[in-house]
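As structure tokens, the structure follows; a few thoughts come after it.
The values are calculated or read from the model by the stated rules, or taken from the named source; none is laboratory data. Just so we're clear, the structure is a prediction, and the values are computed from it rather than from any experiment. When we count neighbours, we look across all protein chains shown, and the Cβ atoms used for this are built from the backbone with ideal geometry, even at glycine. The area values use the complete protein model at the heavy-atom level, side chains included, leaving out ligands, DNA and RNA. Shrake-Rupley method; radii C 1.70, N 1.55, O 1.52, S 1.80 Å.
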Amino acid sequence: MVRFLKTGRTAEQSATDAQAVRDTVVAILRDIEARGDAAVRELSAKYDRWSPESFRLSEAEIQACVRQLTPGQLDDIRFAQQQIRHFAQVQKEALRDVEVETLPGVVLGHRNLAVESVACYVPGGKFPLVASAHMGVVTAKVAGVPRIVASSPPVNGQALPAVVAAMHLGGADEIYTLGGVQAIGAMALGTPSIAPVTMLVGPGNAYVAEAKRQLFGRVGIDLLAGPSETLVIADDSVDAELCATDLLGQAEHGYNTPAILLTTSERLARETMAEVERLLAVLPTAATAGVSWRDYGEVIVCDSDEEMVREADRIASEHVQVMTRDPDYFLAHMRNYGALFLGPRTNVAYGDKVIGTNHTLPTGKAARYTGGLWVGKFIKTCTYQKVLTDEASALIGRYCSRLCAIEGMVAHGEQANIRVRRYGGEAVPYAGVAS
């Protein structure tokens, strides 16, 4: 039986004023579409106090940012990007073009084609996420995207050197210091100074997510990433310090980050809650993590691993860390998660920063129907067909003609009939249509 030792805010309590966000974003996007660069500049000055001569960084400005990092910092960025690049390359190699002769003279196939251009957004805020530059830019580069645009807001009135360096080293073709809805709108809709892209990726705040939602269809998107989420699944094979550290490691993302412990040990559950309070007394980011834990933290006790699987699939968390005697049991049985971290030797921070998997993952229970960003998101799988012989065209044509007759689609049927007449055999006539 599932028992809740701690619960967070209810869905009703935690619901934001989504309509106000929607209305604000509608107005901003309309303004950008109508006035282009002038609107973008006014919005950047209003929200970020940032109005440089050009939002796009020159090569000299990029190199100046790179020079501000130490050799060790640059090596660390390169190491992280190499891990992400390597895994993305392995994923890409799992995607292959196919061609098969399904009937004599009938050839079907598909090709995997990279999208033409991508905008990779890197959020600013409390913690400018250097790693988000790797996740978007490097992965798009491996996919073969010809034009990669990267943008991030200014921090304290300037481009953040580490973010710019990561974008540059990752392979971005254009780098902008521009944030928020104005960046998303400019890159998607295009302005006289920024050519539009075909796809937007990257996390952001509620306004960025809403802008991506409203623009979806005009451009492609990766997913709608909301507040970060973490679920720790543990039994009494691990201790409270490990569980509490991993819960708070994600809770510091923001004030609305769900951090949930799911366990078969009530003793571990209670010890973890106590350990969380102890760590919050010394954690430098406790002002943020503590609010998330207070308002969104949960502790759930189950009777068995099977029950934990059911609860975990119900929660459908973005990150799921499994620290049990048999973590592979959860790999074999769970269905709803953004990413799994199996065993106490790994953790979500590894995935967020460096290990090689992508950290842009589904939130808000979207893990029930989608995975996260990966090299395949930048690739379109496009089909083609060839009919090589008269006999094959006539054979398929007869079937097609009869099936069109069932649907009453006369003009479709004539596309088949004309080929049956030309390449052999008699077409299936429709009433009122010459065969």
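In the set (1) closer than 30 Å to Ile77 by Cα; (2) acidic (Asp, Glu); (3) out of contact with any Leu (no Cβ under 8 Å at 6 or more places or on another chain), Asp326 fails one condition alone, (1).
If you go through segment 339-374 and keep only what is assigned to a loop (DSSP other than H, G, I, E, B), out of contact with any Phe, Trp or Tyr (no Cβ under 6 Å at 6 or more places or on another chain) and either small (Gly, Ala, Ser) or on the phi > 0 side of the Ramachandran plot (or both), you end up with Gly343, Gly364, Lys365, Gly371, Gly372. Before we move on, is Thr198 modelled with pLDDT of 95 or more and among the polar types (S, T, N, Q)? Yes, satisfied. If you go through segment 209-232 and keep only what is open to solvent by less than 60 Å² (accessible area, probe 1.4 Å), modelled with pLDDT of 95 or more and in contact with a strand residue (DSSP E or B) (Cβ under 9 Å, 6 or more places away or on another chain), you end up with Ala211, Lys212, Leu215, Val219, Gly220, Ile221, Asp222, Glu229, Thr230, Leu231, Val232. For segment 233-254, enumerate the residues that are open to solvent by less than 30 Å² (accessible area, probe 1.4 Å) and under 18 Å from the mean Cα position of the chain (by Cα). Of everything in segment 233-254, just one residue is open to solvent by less than 30 Å² (accessible area, probe 1.4 Å) and under 18 Å from the mean Cα position of the chain (by Cα), namely Gln250.
Pairing residues of segment 406-423 that are more than 18 Å from Leu395 (Cβ to Cβ) with residues that are surrounded by 13 or more Cβ atoms within 10 Å (Cβ to Cβ) and of a type outside the set (A, V, I, L, M), at Cβ distances under 8 Å and at least 6 apart in sequence or on separate chains, gives Val410/Cys404; Val410/Tyr430. Residues that are open to solvent by 60 Å² or more (accessible area, probe 1.4 Å) and outside any helix (DSSP H, G or I) were ranked within segment 19-60; the one that is farthest from Pro192 (Cα to Cα) is Arg49. Just one of the numbered conditions (1) among the polar types (S, T, N, Q); (2) buried (at least 18 other Cβ atoms within 10 Å of the Cβ); (3) farther than 20 Å from Thr139 by Cβ is not true of Thr357: (3). For segment 314-338, the tally of residues that are outside any strand (DSSP E or B), touching a residue at least 24 places away in the same chain (Cβ under 8 Å), open to solvent by less than 40 Å² (accessible area, probe 1.4 Å) and not hydrophobic (A, V, I, L, M, F, W, C) stands at 5.
For segment 375-406, a residue qualifies if it is open to solvent by less than 50 Å² (accessible area, probe 1.4 Å) and either assigned to a helix (DSSP H, G or I) or of a type in the set (Ser, Thr, Tyr) (or both), and the qualifying residues are Val375, Gly376, Phe378, Ala392, Ser393, Ala394, Gly397, Ser401, Cys404, Ala405.
So, of the residues in segment 61-73 that are closer than 13 Å to Leu160 by Cα and part of a loop (DSSP other than H, G, I, E, B), which turns out to be most open to solvent (accessible area, probe 1.4 Å)? Only one residue fits best here, namely Gln68. Taking the stated definitions as given, is Arg78 open to solvent by less than 50 Å² (accessible area, probe 1.4 Å) and basic (Lys, Arg)? In short, no. Taking segment 255-267 as the range and being open to solvent by 10 Å² or more (accessible area, probe 1.4 Å) and within 27 Å of the chain's Cα centre (by Cα) as the test, the residues that pass are Tyr255, Asn256, Pro258, Ile260. Number of residues in segment 121-134 that are modelled with pLDDT of 95 or more and in contact with a helix residue (DSSP H, G or I) (Cβ under 7 Å, 6 or more places away or on another chain): the value is 6.
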